[in-house]
Amino acid sequence: MLFAHWSDIDGVLVRSSDPLPRAHQTLSYLQRERIPFILLTNGGGKHEEERVAELSKKLEVPLDTSMFVQSHTPFADMTDLYDKTVLVAGGDYDKCQIVAQKYGFKNVVTPGDIVTAHPDVWPFSHVFADYYKKFAKPLPRPINASDPSQSLKIDAIFVYSDPRDWALDTTVILDLLLSEQGYLGTLSKKNDNPDLPNRGYQQDGQPPLYFSNPDLWWAAKYHLPRLGQGGFREALQGVWAAVTGGPRMGVELQKTVIGKPYYLTYEFAEKRLRAHREDLFGREIPPLRKVYMVGDNPESDIRGGNSYKSPFGSEWSSILVKTGVYQDGTEPAWKPTTIVKDVHDAVQWAVEDAKKL
């Protein structure tokens, strides 16, 4: 098998929680014909085992975690932070915290933990108080304004999934980005120093900030796309610019964003795809020459597929489907190799194209 498939999930196989027509038929065909494929999504918020079990049941196709990559799956490789104290934001209840713990992170704090222990962190905390009390756990250290060296220290900030309480998460993350060395309740003396890089902001040992995906839009049940994690990131950057002066003052929000369309996520996923291919056929197989990326979002799926240059030598083609974010009849910002109706037509087009190899 000289070619393989790589498919998005939301907007391609399911829309919100509902399977799309012909998704089951398509995956069954790929498995029956022993065509290697993996599923890559900018979604998250659950552990891979839980999400794969749900998808297998919905699509009535046996799947396993070796052929599945979520937006935050690459975080599991950040072993240097396993013993540090990290803030995990986003998702329902404490599900993302549980995911991080299963990955190996030993000391995980959520904004809900912080506001439950210190309600004054956000003046309107009473609105969500009952929600946070359902899962909040004690902090490893309190916020100690009188002795900052004894205050809670955060070593990295992760946004695992779309935040539900944008106001609280923005407040806590902003506090940490303005802090001294990640100690909550402190303000760095280097902030707004014109003699320092980035005008002194994020120059005092503040925790690095990681976003798991850049999607501004995603295809939910509503007939129009809804704001995703990218919407939260843009809002946070707007607040950051208002506080620091932003680009007008030469200040940027220093951050790392993974997920589609970024190279690191595509490289991570291609390694998974190649490993899955070897599981199917063994190591003594011809080189993988062609990969087909099937997606519904021109800004993430198609942009990533078009831009990615495989370090392993495979050629990539992008296939845009009309069952998700893309609005039929519009000109996509990133032009795919082809546009088709749905995932079934995408796979059939790829199979025919692969015969030319």
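Quick look at the values:
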{"item": "Any hit, the range 183-191, residues being at pLDDT 95 or above and aliphatic (A, V, I, L, M)", "result": "yes"}
{"item": "Which numbered condition Glu284 fails, given (1) of a type in the set (D, E, K, R); (2) over 20 Å from Ile38 (Cβ atoms); (3) not assigned by TED's automatic domain parsing to the domain that holds Asn306", "result": "(3)"}
{"item": "Some residue of the range 90-102 being surrounded by 15 or more Cβ atoms within 10 Å (Cβ to Cβ) and of a type in the set (Phe, Trp, Tyr)", "result": "yes"}
{"item": "Yes/no for Val251 being part of a loop (DSSP other than H, G, I, E, B), over 17 Å from the mean Cα position of the chain (by Cα), assigned by TED's automatic domain parsing to the domain that holds Ala220 and not charged (D, E, K, R)", "result": "yes"}
{"item": "Checking Trp6 against (1) surrounded by fewer than 21 Cβ atoms within 10 Å (Cβ to Cβ); (2) in contact with a Leu (Cβ under 9 Å, 6 or more places away or on another chain); (3) touching a residue at least 40 places away in the same chain (Cβ under 8 Å), the condition it does not meet", "result": "(1)"}
{"item": "Considering residues of the range 195-212 that are small (Gly, Ala, Ser) and on the phi > 0 side of the Ramachandran plot only, the residue surrounded by the most Cβ atoms within 10 Å (Cβ to Cβ)", "result": "Gly200"}
{"item": "Boolean, Ala275 is more than 28 Å from Ser16 (Cβ to Cβ), surrounded by fewer than 18 Cβ atoms within 10 Å (Cβ to Cβ) and in contact (Cβ under 8 Å) with a residue 60 or more places away in the chain", "result": "yes"}
{"item": "Any hit, the range 22-37, residues being modelled with pLDDT under 90 and crowded, with 20+ Cβ neighbours inside 10 Å", "result": "no"}
{"item": "Residue match in the range 41-48 (condition: surrounded by fewer than 16 Cβ atoms within 10 Å (Cβ to Cβ), touching a Ser or Thr at 6+ places or on another chain (Cβ under 8 Å), not in a strand (DSSP E or B) and not charged (D, E, K, R))", "result": "no"}
{"item": "Residues of the range 306-325 satisfying the condition of being touching a residue at least 40 places away in the same chain (Cβ under 8 Å) and within 24 Å of Arg226 (Cβ to Cβ)", "result": "Val321, Thr323, Gly324, Val325"}
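The values are calculated or read from the model by the stated rules, or taken from the named source; none is laboratory data. Bear in mind the structure is a predicted one, so any value in this text is a computation, not a measurement. Every residue, glycine as well, gets a Cβ built from its backbone with ideal geometry; the counts of neighbours run over all protein chains shown.
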